[in-house]
Each structure stands twice: as structure tokens, then as C-alpha cells.
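*Asks:* Take this structure first; my questions come after.
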Amino acid sequence: MKTMKTTMRSVILSGTGVFLSCLPLASCNRGGAKSAAPAQDSAAVAVAVVEVKAEVAHLRSVEQIGEYTGTISPYSKNMIASQSSMRIDKILVEVGDYVATGQLLVQMEPTSYLQAKLQAENLKVDYERAKALFATGGVSKQQLDQLKTQLDVSEESLANLNKNTRLLSPINGVVTQRMFDNGDMTGGQPILQVQQLRPVKILINVQEEFFSLVNTRMTADIKVDIYAGTKFTGQVNLVYPTIDNMTHTFTTEIAYANGDLKMRPGMFARVVLNFGSISRVVLPDKAVIKQPGTDERFVYVLNADNTVSHRTVKLGQRLGNAYEILSGVEDGEKVVTAGISRLINGSAVREVAGLPDGK
């Protein structure tokens, strides 16, 4: 009996020893499995290569066309007013009337003018009488000079009153506003407005990069919405000499002869200027991606080590299925045109010529 107990204890201890000896092994196996998995994932990331298609950016002669918007304005605009506070005797024109330079538009009450005219005529008589007396020694040279000065001042005052009593048109144009009626006291305020409509002008703001290219020999195409399909030809009439430091643009005046009077002040117009051709980098439009939530555009440039770099670009004109590139990509660099959706900055890539677009 004693022998059997001893034997059973030995078996139990022996089994326990086998069980305990297995614990470290199991522990080691579990630990080994945990450490091996990340190593496999890292290797998988390291060898992930994205298949892409790329095209070479190249220089091309690009016609520099600028389109600008503006409002048609009269070539000149004049307010017809008397400097003196007078009563209006008669307004001789109405809104819409065409007038010529020097045409009488408004006759003011002539009382002050007639008084000044009479005074000037009397002074002239006195002066002529004094001249005759001076020849015989009847008056001194000083007295004669004083009379001449008075006559000159009187005649100058009369001429000024004449201008302010008979209001003439300073330009060929059309009456566009009438602010008073016959018999009103003006208090020196404008009575009429006259605008010159042949020619008209349009002021536009042009980017500073074209400042050296704009001159008064340039022609301009003008489009007006109400004359759809019709193109009018104007000319650069004036280039303002300074650049706006906020918008980095300069003002340019475009003149149009307007012989047929189709263009009227207040109309909306589009002006197209051709600045000539410049050599620019051109890219396929499918290579350019819009940055979500911004106005920025970017491309992926293929590097010599078969990785890609995220590059912001500044776009110029759209040229069919391509873009003019103002900055961001140099001539001869390769840009990705397919496989873009799977890329990030620094992605490893393999160039595949036959890769379908949009993949």
C-alpha cells in the first residue's frame, strides 16, 4: 500500500513537471507571434508600389489673351452751370437733344449783364474823350492810364458775365440730365449735364505682369451682352502710370469711336486684349488636382528615385485639354496623369505606359 502511494505521488509530480515545463514554451510562442506580425506589416508597406502613368511637361508658345470687364462711360461729361446766382430765363434744350460745341443751351436773366454792358460802353466813351484831350495836353498821362485800367476791368467783367448769362455747350454731345426749370434761381448749381458719346470709353484693370506690354498702339476687342455675337474694335487710349499695391493691377482706358451710337454709358462690356505670345510650360489637365476646400491646384511630380512629390502650381489659361502653368513645374519634368488617387507625397511608384487614364 505504501509502495502504491509513493508511485502515484511520483506520477503526479512528474506530470506537474511536464505541465510546468510547457508553460514557458507556450509563453515564448505567444510572445514570438506578437513580435513577428508588425515586422511583416512593415515589410508590406515598404514594398507597396503604385502603378502610375506620367507625361513630360513641355514649353509651348502660348498666346497671352486677357479678358476684362468694365462699364461703358462717356468720353467726357460736363455740368452746365452759371458761376453767379441768377434766375433762369430760358432753357433751350431738353434731355436727349444732341448739341454741338458752342451751341447756346441756357439763357440766364440778363439784367446784370445789361447793366455791366452799359457801364463798359460809358467807360469806353470816357476813355476815347480822354485820349483826345491827352493829345492836346488836356489830361495827364496818369489820368489816361487810370481810365484805361477801369475800361479793361469793366470789359473783363462784362465778358465773364456774358459767359455766365449765355451758357454754351463745351462739347459735341447729348443732354443727359436737366435739374431746373425756366424761372428757377440756381444758386450756382448745375442746370444741365451734357455727355460726349462719340467716342465712349471703358476703364479696365490689367494685371501688373502685362504692364510693359500695354501701349496706346494696341487694339482691343469689345463685347456687349445686348449685342450677342457682335465684336467691336476699340483701342487703348490711356495707360495709368502706377500699379495698385492692393490688387497689383493698373488702370487702362479703352476708347471706342461709337459712330453708330450703339454703345451707351452704363452698359456692361467685356474687353479682350492680346499681349502676344510667351513661352510657357503646358500640362495635361488630367494631371492637375484641386485642393479640397481651397482654390489651390497641385500635381504629383515624378522623381528620379521613382517616388513622387506633391507640388503646388499656379495656373494660367486653359488650352483645350491642357493648362498653361505660370509656376510650380519646370520644362522637362514628369507629372503623373493616371494613378493619382492612390498617391501621397513621397509614394513609391512604377511607371506603366499603358495604364488607363483616371485609374
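The values are calculated or read from the model by the stated rules, or taken from the named source; none is laboratory data. This one's a predicted model, so the numbers in the text were calculated from it and none came from an experiment. Don't worry about glycine lacking a Cβ; one is built from the backbone with ideal geometry, like all the others, and counts go over all protein chains shown.
*Asks:* Which condition from (1) surrounded by fewer than 13 Cβ atoms within 10 Å (Cβ to Cβ); (2) free of Cβ contacts under 8 Å to residues at least 24 places away in the same chain is the one that Leu238 breaks?
*Replies:* Checking Leu238 against (1) surrounded by fewer than 13 Cβ atoms within 10 Å (Cβ to Cβ); (2) free of Cβ contacts under 8 Å to residues at least 24 places away in the same chain, the one that fails is (1).
*Asks:* Here is a follow-up. When the residues of segment 287-334 are narrowed to those that are among the hydroxyl-bearing types (Ser, Thr, Tyr) and over 20 Å from Glu209 (Cα atoms), which ends up nearest to the chain's Cα centre (by Cα)?
*Replies:* Only one residue tops the list, namely Thr294.
*Asks:* If the Cβ limit is 8 Å and pairs must be 6+ apart or interchain, which residue in segment 143-162 that is more than 25 Å from Met108 (Cα to Cα) pairs with which residue that is assigned to a helix (DSSP H, G or I) and aliphatic (A, V, I, L, M)?
*Replies:* What qualifies is Gln143/Ala130; Leu144/Ala130; Leu147/Leu123; Leu147/Ala130; Gln150/Leu123.
*Asks:* A further question follows. With surrounded by fewer than 16 Cβ atoms within 10 Å (Cβ to Cβ) and not aromatic (Phe, Trp, Tyr) as the only criterion, which of Lys223, Lys201, Lys231 stands out?
*Replies:* Lys231
*Asks:* May I ask you to list the residues in segment 132-148 that are surrounded by fewer than 12 Cβ atoms within 10 Å (Cβ to Cβ), part of a helix (DSSP H, G or I) and of a type in the set (S, T, N, Q)?
*Replies:* Gln142
*Asks:* Could you check how many residues of segment 86-104 are closer than 18 Å to Asn164 by Cβ and assigned to a strand (DSSP E or B)?
*Replies:* Residues flagged as closer than 18 Å to Asn164 by Cβ and assigned to a strand (DSSP E or B) within segment 86-104 amount to 6.
*Asks:* Another question, then. On the given criteria, is Gln177 farther than 30 Å from Arg129 by Cα and in the same structural domain as Gln103 (by TED's automatic domain parsing)?
*Replies:* Judged against the criteria, Gln177 is a match.
*Asks:* A further question follows. State yes or no: is Asn321 surrounded by fewer than 19 Cβ atoms within 10 Å (Cβ to Cβ), within 13 Å of Val288 (Cβ to Cβ) and at pLDDT 90 or above?
*Replies:* Judged against the criteria, Asn321 is a match.
*Asks:* Hey, does segment 210-218 have a residue that's part of a helix (DSSP H, G or I), assigned by TED's automatic domain parsing to the domain that holds Ile254, without any contact (Cβ under 8 Å) to a residue 60 or more places away in the chain and touching a Phe, Trp or Tyr at 6+ places or on another chain (Cβ under 9 Å)?
*Replies:* Yes, segment 210-218 contains at least one residue that is part of a helix (DSSP H, G or I), assigned by TED's automatic domain parsing to the domain that holds Ile254, without any contact (Cβ under 8 Å) to a residue 60 or more places away in the chain and touching a Phe, Trp or Tyr at 6+ places or on another chain (Cβ under 9 Å).
*Asks:* Identify all residues within segment 224-241 that are modelled with pLDDT of 95 or more, polar (S, T, N, Q) and over 15 Å from Phe211 (Cα atoms); write none if there are none.
*Replies:* Within segment 224-241, Thr233, Gln235 meet the criteria.
*Asks:* In addition: Is it true that some residue in segment 180-197 is farther than 18 Å from Ser73 by Cβ, without any contact (Cβ under 8 Å) to a residue 24 or more places away in the chain and aromatic (Phe, Trp, Tyr)?
*Replies:* no
*Asks:* Mind listing whichever residues of segment 324-347 are within 13 Å of Lys53 (Cα to Cα), surrounded by 12 or more Cβ atoms within 10 Å (Cβ to Cβ) and out of contact with any Asp or Glu (no Cβ under 8 Å at 6 or more places or on another chain)?
*Replies:* The first filter runs over segment 324-347 and keeps only residues within 13 Å of Lys53 (Cα to Cα), leaving 334-343.
Restricting the remaining residues to those that are surrounded by 12 or more Cβ atoms within 10 Å (Cβ to Cβ) gives 334-340, 342-343.
Selection gives Val336, Ile340, Arg342, Leu343.
*Asks:* Among the numbered criteria (1) assigned by TED's automatic domain parsing to the domain that holds Met263; (2) surrounded by fewer than 18 Cβ atoms within 10 Å (Cβ to Cβ), which one does Asn172 miss?
*Replies:* (1)
*Asks:* Could I ask something else about it? Considering Met185, Met179, which residue is loosely packed, with under 14 Cβ neighbours inside 10 Å and within 30 Å of Lys90 (Cα to Cα)?
*Replies:* Numbers: Met179 fails: loosely packed, with under 14 Cβ neighbours inside 10 Å.
Of the residues listed, the single one that is loosely packed, with under 14 Cβ neighbours inside 10 Å and within 30 Å of Lys90 (Cα to Cα) is Met185.
*Asks:* Further question on the same structure: List pairs: first in segment 81-109 and on the phi > 0 side of the Ramachandran plot, second modelled with pLDDT of 95 or more and surrounded by 19 or more Cβ atoms within 10 Å (Cβ to Cβ), Cβ under 9 Å, 6+ apart or cross-chain?
*Replies:* Taking only residues 6 or more apart or on different chains, the pairs are Gly96/Val174; Gly96/Val175; Gly102/Ser169.
*Asks:* Is it true that some residue in segment 253-276 is in contact with a strand residue (DSSP E or B) (Cβ under 9 Å, 6 or more places away or on another chain), of a type in the set (Asp, Glu) and not in a strand (DSSP E or B)?
*Replies:* no
*Asks:* Look at Gln107 and say whether it is part of a strand (DSSP E or B) and surrounded by 12 or more Cβ atoms within 10 Å (Cβ to Cβ).
*Replies:* Taking the combined requirement at face value, the residue satisfies it.
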